[in-house]
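Here is the structure we will look at, set down as structure tokens.
Every number in this text was worked out from the coordinates using simple rules, so none of it is lab data. None of these values were measured; they are calculated from a predicted model. Cβ: placed from backbone, ideal geometry, glycine included. Neighbour counts: every protein chain shown.
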Amino acid sequence: MKKSITYTLILMFLTLMSCATDNATVLNEPGRTVEMQNFEKAMKSLRDPQNRATAEEKRSGSAELSERRKQLLVPASLDLIKSTGVSEDEIKKQTNSDITAIIVWALKINLKKNDEIRNSRKLN
């Protein structure tokens, strides 16, 4: 269940990000923090040829990201979580240092902040 939620959230995020016609415009919108920008860049980097799933990873049949690919997201995920005022100790406590949980938490934060930015734009 946890794997399917992670996979679904990542797919949703990548789909939303791929709909953007101009990456520079999307990343430099008012309200986007540096941490959000870095997290989105890390997510997009999964599409880079050197970061795509290898043949062996594809053969595993798992819908979940490989450990190698998750490691690409961890630094930006941690920075995004910390930008909300959460300490390193609290992150470890909440996630048991599980990198999947860290990435999912960061995805939720990023989606929430993007929604807040969109809603504030609608009000103006």
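Scanning region 65-91 for residues that are within 14 Å of the chain's Cα centre (by Cα) and of a type in the set (Asp, Glu) yields one hit, Asp79.
Summed over region 32-55, residues that are small (Gly, Ala, Ser) and in a loop (DSSP other than H, G, I, E, B) total 1.
Working only within region 67-124, note down all residues that are crowded, with 16+ Cβ neighbours inside 10 Å and among the basic types (Lys, Arg). Once the filter is applied, which keeps residues that are crowded, with 16+ Cβ neighbours inside 10 Å and among the basic types (Lys, Arg), region 67-124 yields Arg69, Lys70, Lys113.
Entry remark, region 30-42: residues being closer than 8 Å to Ala76 by Cβ and crowded, with 20+ Cβ neighbours inside 10 Å number 3 in total.
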